[in-house]
Amino acid sequence: MIAETQTPTEWSQEAIAHCVSSVVRSRRAVRAFKPQPLRREIVEEILKDAAAAPSGANIQPWRVYVVSGGVKDELTEALVAASRAGTAPAPTHFPEPLPDVFRARLLDFGGRYYGSLGIDRGDTEARTRQTERNYSFFGAPVGLIFSIDRRLRPHSWIDLGLFAQNVMIAAKARGIDTCPQVAFAPFHAQIAAHLQMPPEEITAFGMSMGYGDFEAPVNQASMPRERMHDFARLLGFPA
Ligand SMILES: Cc1cc2nc3c(=O)[nH]c(=O)nc-3n(C[C@H](O)[C@H](O)[C@H](O)COP(=O)(O)O)c2cc1C
């Protein structure tokens, strides 16, 4: 069980809000890291914070495997080999056809991401090489694989997402960067074998974690958000 904590009373509510907003808003998907290692104790602190996430009926369905050093390198090797052999099932995380509104954003994302690396839309070889970098956790010292019991329903996957968001925010609050990665999901067979997952578990996604290299061109891309009034409807408030 995690210890109960309280908001530090010596801080004003305003200072707390400012801190939380600045951490949440400064988090971004980082895809190039400094070689600087991450201490195990810091990773453990981040995971303890993450476990404060809510979950339906408090079932806490999250599982996470945290890899570094030789274990991470061997996993990377297996995934790169599987990717090159073309043995993994095709990714299915987006429906086909993707509704127009989302396809437009996906294309915008691709332009910004590959544009930051000078990779042309039609250069499939360079795109494939960049996709492959997912499996080496973009050079981060620590990689995480998030899994969940496959018997659970989509509702419980929400809990896993909330847990993962806490990981990213708890990391960012300590000056540590992350990239969530669905790219691992099609490689469940290789990952499960390497990490000796029990058969009821399924790989949901992975995550890179380390100190971001903000000189790297790939980390120059910034991803815009829709305006608040375009995704939220506020009803019943006085004018
Ligand atoms: C569930 C999920 C899966 C993602 N999968 C990948 C991935 O496989 N590879 C990758 O480079 N980025 C991945 N991302 C990062 C997104 O591309 C990124 O969050 C998005 O473009 C917004 O950019 P920002 O996080 O920098 O604000 C993923 C993000 C989420 C939330």
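Data overview
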{"item": "Selection status of residue 95, farther than 14 Å from residue 31 by Cα, modelled with pLDDT of 95 or more and within 16 Å of the ligand (Cβ to nearest atom)", "result": "yes"}
{"item": "Residues that are under 17 Å from residue 144 (Cβ atoms) and assigned to a helix (DSSP H, G or I), drawn from the stretch 49-96", "result": "49, 50, 69, 70, 71, 72, 73, 74, 75, 76, 78, 79"}
{"item": "Filtered residues of the stretch 107-127 (kept if surrounded by 13 or more Cβ atoms within 10 Å (Cβ to Cβ) and of a type outside the set (Asp, Glu))", "result": "109, 110, 112, 113, 114, 115, 116, 117, 119, 126, 127"}
{"item": "Filter pass, residue 167 being within 12 Å of the ligand (Cβ to nearest atom), farther than 27 Å from residue 85 by Cα and β-branched (Val, Ile, Thr)", "result": "yes"}
{"item": "Residue within the stretch 33-40 that is free of Cβ contacts under 8 Å to residues at least 24 places away in the same chain and assigned to a loop (DSSP other than H, G, I, E, B) present", "result": "yes"}
{"item": "Residues located in the stretch 107-121, provided they are assigned to a loop (DSSP other than H, G, I, E, B) and within 12 Å of the ligand (Cβ to nearest atom)", "result": "117"}
{"item": "Test: residue in the stretch 122-132 that is in contact with a Leu (Cβ under 9 Å, 6 or more places away or on another chain) and more than 12 Å from the ligand (Cβ to nearest atom)", "result": "yes"}
{"item": "Residue in the stretch 202-222 that is surrounded by 11 or more Cβ atoms within 10 Å (Cβ to Cβ), over 30 Å from residue 84 (Cα atoms) and either without any contact (Cβ under 8 Å) to a residue 40 or more places away in the chain or among the aliphatic types (A, V, I, L, M) (or both) present", "result": "no"}
{"item": "Boolean, residue 104 is surrounded by 14 or more Cβ atoms within 10 Å (Cβ to Cβ) and more than 12 Å from the ligand (Cβ to nearest atom)", "result": "no"}
{"item": "Where a residue in the stretch 85-111 is in contact (Cβ under 8 Å) with a residue 40 or more places away in the chain and more than 19 Å from residue 225 (Cα to Cα) and its partner, wherever it lies, is of a type in the set (A, V, I, L, M, F, W, C) and within 15 Å of the ligand (Cβ to nearest atom), with Cβ under 6 Å and at least six apart", "result": "88/187; 93/182"}
{"item": "Answer residue from the stretch 47-94, given it is among the polar types (S, T, N, Q) and within 11 Å of residue 159 (Cα to Cα) and is surrounded by the fewest Cβ atoms within 10 Å (Cβ to Cβ) among those", "result": "58"}
{"item": "Selected residue [out of contact with any Phe, Trp or Tyr (no Cβ under 6 Å at 6 or more places or on another chain) and not aromatic (Phe, Trp, Tyr)] from 36, 60", "result": "60"}
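Residues checked against (1) closer than 21 Å to residue 41 by Cβ; (2) of a type outside the set (A, V, I, L, M):
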| residue | (1), (2) |
| --- | --- |
| 135 | no, yes |
| 153 | no, yes |
| 167 | yes, no |
| 178 | yes, yes |
| 185 | no, no |
| 189 | no, no |
| 207 | yes, no |
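The values are calculated or read from the model by the stated rules, or taken from the named source; none is laboratory data. None of the values given here were measured: they were computed from a predicted structure. For neighbour counting, all protein chains shown are included, and Cβ atoms are generated from backbone atoms with ideal geometry for every residue, glycine included.
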